[in-house]
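Every read-out reported here was derived from the displayed coordinates using simple, explicitly stated rules and does not represent laboratory data. None of the values given here were measured: they were computed from a predicted structure. Note that we place each Cβ from the backbone using ideal geometry, even for glycine, and neighbour counts take in every protein chain shown.
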Amino acid sequence: MKIRKINRAVHRDLGYFFFGMCIIYGVSGIALNHRHQWNPNYIITQKSIQLAPPHEEITDNRELAMHFLEQMEREGEFRTSLRSGDNLRIFITHGNVTVNLSSGSAELETVRPRPVFREMNFLHYNTPKKLWTWFSDMYAGGLIILAFTGLFILRGKNGITRRGAWLTGAGIIIPLVLLFYYLNG
């Protein structure tokens, strides 16, 4: 069997085998690169609402929290509460409510998992450890093999000795220039 044929077969089969991993790491990598603009793991919503303050003075934080949660029909979601001056922060299942005790104005913040991205980021960050570490290391090794075997797939004017050399060089130089810029800029 010729070396070129083996090279193509290895490149093809690794490409097929690691297709899913490329999608996982590609999508979650883009999401994580932009995490300063959005939260890729959670959808956080905020809503301003007006609640009626209690008619009589309530000193117990839990009782006070229940008064406000009843108005929102969320009394079953109560976790705990914290009072700070004229504000009461109520922690509920999947969020919190901050209430100004004198005005009754409140901010409801809810947090729910972002489908698909959260799971991909879970894998990208190697959170599971154990067997996932071995499989992701195999993937990293597979990427190295894919990179080298990809250099020798084509021959002629589009191969590594002509057009491919220019593209490969650019793909090496750009990260090095950016690294130099960020480390010394």
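Some notes on this structure:
- Table column - 3J(HN,Hα) (Hz), region 45-56, Karplus curve with 6.51, -1.76, 1.60, x for Gly and Pro: 10, 10, 9, 8, 9, 10, 10, 8, x, x, 6, 10
- The chain: DSSP helices with Cα axial extent of at least 20 Å and average Kyte-Doolittle hydropathy no lower than 0.0: 19-33, 130-151, 163-184
- Between region 1-79 and region 122-173, the C-alpha centres lie 29 angstrom from each other.
- A crude spin-label estimate for the pair ASP86 and TYR42, with each label 7 Å from Cα along the Cβ direction, gives 2.8 nm.
- Within region 1-50, the proportion of C-alpha pairs whose separation exceeds 13 Å stands at 72%.
- Local charge for ASN41 was computed over the other residues whose Cβ lies under 11 Å away, with Lys and Arg +1 and Asp and Glu -1, and equals +3.
- Full-extension gain in nm, THR168 to ASN7, via 0.36 nm per residue minus C-alpha separation: 56.2 nm
- In the frame of its principal axes, region 42-113 has Cα extents of 38, 22, 20 Å, reported largest first.
- Taken over the alpha carbons of region 25-74 as equal point scatterers, the Debye sum produces base-10 log I(q)/I(0) values at 0.17, 0.21 Å⁻¹ of -0.65, -0.77.
- Estimated translational D of the chain in µm²/s (Stokes, Kirkwood radius over Cα pairs; 4 °C; 1.567 mPa s): 60 µm²/s
- Note, ³J(HN,Hα) from phi for region 77-85, Karplus 6.51, -1.76, 1.60, rounded to Hz, x at Gly and Pro: 9, 4, 10, 6, 9, 9, 9, 9, x
- Gaussian network model of the chain, springs between alpha carbon atoms under 10 Å - residue of HIS124, HIS67, HIS11 with greatest fluctuation: HIS67
- Relative contact order (%) - the chain, alpha-carbon pairs under 8 angstrom, separation at least six: 24 percent
- Amide proton proximity set for ILE43, modelled H, under 5 Å, gap of 5+: ARG112, ARG114
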